[in-house]
Amino acid sequence: MEQGMTKSSAKQRTKTVLLVGHCNTDSATLRRAILKADASAEVIRITSQQQLLEQLARGIDLVLVNRLLSRSYDSDEGVDLIATLATAWPRVRFMIISNYDETQAAAQQVGGVRGFGKRDTSSPEVIQLLTNALHGR
């Protein structure tokens, strides 16, 4: 064990977060929020269904899914993608990124955890949501 590390900190592994279906600008904003919630998190931008499945197979902690997806995914709706993936990877937390309450509710009904809208990304409430999702609370 390295000097200055406790047994509990030595056992903690880096959390990995996937950003699914977000543009470059939104990805940068989401990355900043994630790093406020956990400065050591690894954040990976995903641009296709194949890349998503490959990353999920490695072991991922949290997936932030855009409400609308490009043709690079099996579905063009983030909620549909969460419905499929939450069943296949029950230990992974899936969070929809949407300002619409009905989309948030639909994502939670299919296995997602409470998400947030992009306009709220820098709020203390969102940072707490991300912290909770990353640390299993």
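The values are calculated or read from the model by the stated rules, or taken from the named source; none is laboratory data. Please read all numbers here as calculations on a predicted model, not as lab measurements. Virtual Cβ from ideal backbone geometry, glycine too; neighbours counted across all protein chains shown.
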Residues of the stretch 103-125 satisfying the condition of being in contact (Cβ under 8 Å) with a residue 60 or more places away in the chain and under 20 Å from LEU68 (Cα atoms): LYS118, THR121
Test: SER72 is hydroxyl-bearing (Ser, Thr, Tyr), closer than 14 Å to ASP26 by Cα and more than 15 Å from the chain's Cα centre (by Cα): no
Residues being exposed (fewer than 14 other Cβ atoms within 10 Å of the Cβ) and aromatic (Phe, Trp, Tyr) - total across the stretch 98-134: 1
Sole residue being within 28 Å of THR14 (Cβ to Cβ) and at pLDDT below 95, chosen from SER72, SER98: SER72
